[in-house]
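J.: Got a structure for you, questions after.
The values are calculated or read from the model by the stated rules, or taken from the named source; none is laboratory data. It should be emphasised that the depicted structure is a prediction, and the values quoted were computed from it without experimental measurement. Here Cβ is always computed from backbone atoms with ideal geometry, including for glycine, and neighbour counts include all displayed protein chains.
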Amino acid sequence: MYKKVALFLVSLVILGNGVQAQKFRPDVSKRGTTAASFLGIGMGARSMAMGSSFVAIADDPTSVYWNPAGLVKVPGTQLVFDHTLWIADISYSFFIFTQSLGDYGTIALSFTNSNIGEMEVNTVDEPDGTGQVFTAKDMAFSFGYGLSLTDKFSIGFNPKIIYQSIWDTRAIAIALDMGVLYDTPFDGWTLGASISNYGTKMKLDGNSTLVLYDPDSDNSGNNDKIPASMSTDYWDLPLNFKVGVSYLALKDDINKLILSAEASHPSDNYESVNVGGEYVYGDFLALRGGYKSLFLSDSEEGFTLGGGIKQPIGGIDIRFDYAFMDFGRLKNTHKITLGLGL
């Protein structure tokens, strides 16, 4: 019992230190000042349809992204394939594998990959294109673990490797997600908190930074083609602290209704609130809705809608979920998710 309490206190200290280390300033949004912004694109159509208000629900394989403490609620072996049609004709694909280890917790592997497409190389001398093309790439790989310390309290960790590239430059970072879940003594109420992307900075480096430099352009007799490398800046990862609450408002043999709200404290924007809900009929049909980024001025994000179906076939639970997300002037985005429970 004392070991469990000690681990509980350690997890809270880690979460608190993570927030303080970032040195947040409430009067500065820091929009566009972090690398790897794709880490803000959530996994799973279910959670996205609920306004991304999932930190206190976290009961499916996508918990590895939202709150790894929720992995303890995922039974057996699970596979999830997730595809996002993002803005500007960009798409992202996610793959998640989870395996329950019984009393020893649950492990999860996840992989994120982007499809940004090829772009033409334009220069000042050749504004219509040089005939060359280039592309950019976002990827992340993680290994998550969730463990129950008591029948009411669980913790989770999700270390990951983050990779970005554009043309012939690339950057790599290592980060950690941490989360806690607590089923309160009040019937149906659950508290959750998480810190995402607490890790190293990213710096682009590669062949594209190599140049020929003339250290003395006023002297015609010197070597004007000395190989050199341009120095690029280090950029923070988009650290985000979330705390939320969920309430199981209705549950009987046929109907289930869960409501959720969470506050988000990111390092690259102002604070905001996400709210959402899910109604499930007969453990077969689910309807979901929510609103993302409440109280955030100048946000293009807004209401979200979606649904899903679940059907066992040949001993395998097959789940299909869809989410629609309003992005204002940036048009709408869509997400589809296929899940297999073995």
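J.: In region 212-236, which residues are closer than 26 Å to Thr33 by Cα and at pLDDT below 90?
T.: Ser229, Met230, Ser231, Thr232, Asp233
J.: Then there is this: What number of residues in region 106-161 are polar (S, T, N, Q), part of a loop (DSSP other than H, G, I, E, B) and under 23 Å from the mean Cα position of the chain (by Cα)?
T.: 1
J.: While we're here: Is there any pair with a first residue in region 195-210 that is at positive phi and not assigned by TED's automatic domain parsing to the domain that holds Lys137 and a second that is loosely packed, with under 14 Cβ neighbours inside 10 Å and not β-branched (Val, Ile, Thr) whose Cβ atoms are under 9 Å apart and which are 6 or more apart or on different chains, and what are they?
T.: Every condition considered, the pairs that remain are Gly206/Asp168.
Okay, residues lined up against (1) on the phi > 0 side of the Ramachandran plot; (2) in a strand (DSSP E or B):
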residue: Asp218; (1), (2): no, no
residue: Lys242; (1), (2): no, yes
residue: Ser246; (1), (2): no, yes
residue: Leu250; (1), (2): no, yes
residue: Ser260; (1), (2): no, yes
residue: Ser264; (1), (2): no, yes
residue: Asp283; (1), (2): yes, no
residue: Arg288; (1), (2): no, yes
residue: Glu301; (1), (2): no, no
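J.: Given the conditions (1) more than 13 Å from the chain's Cα centre (by Cα); (2) assigned to a helix (DSSP H, G or I); (3) hydroxyl-bearing (Ser, Thr, Tyr), and given that Ser47 satisfies all but one, which numbered condition is not satisfied?
T.: (1)
J.: Considering each residue of region 59-114, count those that are under 26 Å from Ser148 (Cβ atoms), of a type in the set (Gly, Ala, Ser) and free of Cβ contacts under 8 Å to residues at least 40 places away in the same chain, and give that number.
T.: Matching residues across region 59-114 total 2.
J.: Let me ask something else about it. Among (1) surrounded by 14 or more Cβ atoms within 10 Å (Cβ to Cβ); (2) touching a residue at least 24 places away in the same chain (Cβ under 8 Å), where does Gly117 come up short?
T.: Condition not satisfied by Gly117: (1).
J.: Next up: Every residue in region 120-132 that is touching a residue at least 12 places away in the same chain (Cβ under 8 Å) and among the acidic types (Asp, Glu), please.
T.: Across region 120-132, the qualifying residue is only Glu120.
J.: Looking only at region 94-105, how many residues end up being over 11 Å from Gln78 (Cα atoms) and more than 17 Å from the chain's Cα centre (by Cα)?
T.: So the answer is 5.
J.: Of all residues in region 286-302, how many are modelled with pLDDT of 95 or more and either in contact with a Lys or Arg (Cβ under 7 Å, 6 or more places away or on another chain) or surrounded by fewer than 13 Cβ atoms within 10 Å (Cβ to Cβ) (or both)?
T.: Total meeting the criteria: 1.
J.: Moving on. Regarding Asp187, is this residue assigned by TED's automatic domain parsing to the domain that holds Phe95, surrounded by fewer than 18 Cβ atoms within 10 Å (Cβ to Cβ) and modelled with pLDDT of 90 or more?
T.: yes
J.: Of the residues Val80, Val64, which is within 11 Å of the chain's Cα centre (by Cα), more than 21 Å from Val273 (Cβ to Cβ) and at pLDDT 95 or above?
T.: Only one candidate passes the filter, namely Val64.
J.: How many of the residues making up region 162-192 are among the charged types (D, E, K, R) and not in a strand (DSSP E or B)?
T.: 2
J.: From the residues in region 83-111 that are in contact with a helix residue (DSSP H, G or I) (Cβ under 7 Å, 6 or more places away or on another chain) and under 19 Å from Tyr322 (Cα atoms), which one is surrounded by the most Cβ atoms within 10 Å (Cβ to Cβ)?
T.: Filtering region 83-111 for residues that are in contact with a helix residue (DSSP H, G or I) (Cβ under 7 Å, 6 or more places away or on another chain) and under 19 Å from Tyr322 (Cα atoms), the one surrounded by the most Cβ atoms within 10 Å (Cβ to Cβ) comes out as Ile96.
J.: Among (1) closer than 21 Å to Leu191 by Cα; (2) part of a helix (DSSP H, G or I); (3) not basic (Lys, Arg), which single condition is Ala88 missing?
T.: (1)
J.: Return only the number of the condition from (1) assigned to a strand (DSSP E or B); (2) touching a Ser or Thr at 6+ places or on another chain (Cβ under 8 Å) that Ile309 does not satisfy.
T.: Result: Ile309 fails condition (2) only.
J.: Tally up the residues in region 294-320 that are over 20 Å from the mean Cα position of the chain (by Cα) and in contact (Cβ under 8 Å) with a residue 40 or more places away in the chain, please.
T.: Residues flagged as over 20 Å from the mean Cα position of the chain (by Cα) and in contact (Cβ under 8 Å) with a residue 40 or more places away in the chain within region 294-320 amount to 2.
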